[in-house]
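Please read the structure below before turning to the comments.
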Amino acid sequence: MAPNSPRARRPGGARSARTSLGDRLRAWRHHHRDSLRDALNRMRAAPSSALMTVLVIAIALALPAGLAVLLDNARVITKGWDGNAHLSVFLEMDVDESRQRQLADDWADFDTVKRTEVITRAQALDEFKALSGFGEVLEALPDNPLPPLIVVYPDNAAPGQVEALQTRLNALPEVDNAQLDVAWVRRLHAIIELGDRLIGVLTLGLAAAVVLVVVNTIRLAIESRREEIVVIKIVGGTDGFVRRPFLYSGFCFGFAGGVLSLVLVGTALWWLGGPIDELLNLYESEHSLTGMSPSTVLVLPLFSGTLGLLGAWLAVSRHLGDVEPQF
């Protein structure tokens, strides 16, 4: 064949083809879809192990979520209790009723007092008889043992202002003792604040536990698919191509655990709802136990799925590099 013939001038060997950006995006989208489908199929192929992993994640997330719901209910029930803050000012026994009412009118003019309420010795005795059940015993007493009382309502429930008013009233000569009656409410609010922070710490610890569970699960999956990963790398598969199915597996485990945690919390609230509502009715409270807010229902599975995605990414970044073709 002559060197200058057309067949001699035709190039030989492999040719490189260029792919458009649209083809690349289409292939990328298809691989994401196939990776998600593969993750779901592998979970269905091993239902017992997948269920155990999802259940561990669900229990870890249900504990802080349930405690947060109960704490939110306690915060709602106690909301506004500080508005009933008042001082019970017990007067000396020799203060008569006219002087008692005059003191109440004088104190009502204080710039830090909203209003005052007079409870005479006779009124206090009648109320005590009605509530204590010791009416016959009290009638046998030669004299009324209860002191005159003035209830003082401050215009501001701030602790510093109420304590300053308490000190001011205790310094008056007719006052035997000025007692703050909502100190226990403040202690309750402090306990709720402490519980809120404890739930935050518990959430961080259990979130780390969820990540570690997913890390171990994905590590085992990588080891079981070692030969498949080696083949994919031999034919030119990138690390991103190999990594993507494992990331979807981690997200699916986390998301399923978050959904199951909602079921566990809802079941626990349903089981506790009756006794808690009955207890609130005994205390003449109009509140009832409420469940999780819609925002929590939406956020918890996504948060759990993000934790699963993080755990899968950590596992793949740590162990995928150890799986390389051996030539």
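The values are calculated or read from the model by the stated rules, or taken from the named source; none is laboratory data. Note that this is a predicted model, so its numbers are computed, not measured. Cβ placement follows ideal geometry from the backbone for every residue including glycine, while neighbour counts extend to all protein chains displayed.
Of note:
- Test: residue in the stretch 177-186 that is in contact with a Pro (Cβ under 6 Å, 6 or more places away or on another chain) and modelled with pLDDT under 85: no
- Checking each residue in the stretch 266-297 for being at pLDDT 85 or above and among the aromatic types (Phe, Trp, Tyr) picks out 270, 271.
- Residue match in the stretch 101-115 (condition: in the same structural domain as residue 160 (by TED's automatic domain parsing) and of a type in the set (S, T, N, Q)): yes
- Residues in the stretch 258-290 that are within 14 Å of residue 64 (Cα to Cα) and not hydrophobic (A, V, I, L, M, F, W, C): 258, 261, 266.
- When 261, 224, 249 are screened for being in contact with a Leu (Cβ under 7 Å, 6 or more places away or on another chain) and of a type in the set (S, T, N, Q), only 261 passes.
- Test: residue in the stretch 241-256 that is out of contact with any helix residue (DSSP H, G or I) (no Cβ under 8 Å at 6 or more places or on another chain) and touching a residue at least 40 places away in the same chain (Cβ under 8 Å): no
- Every condition in (1) assigned to a helix (DSSP H, G or I); (2) at pLDDT 85 or above; (3) buried (at least 16 other Cβ atoms within 10 Å of the Cβ); (4) in contact with a Ser or Thr (Cβ under 9 Å, 6 or more places away or on another chain) holds for residue 166 except the one numbered (4).
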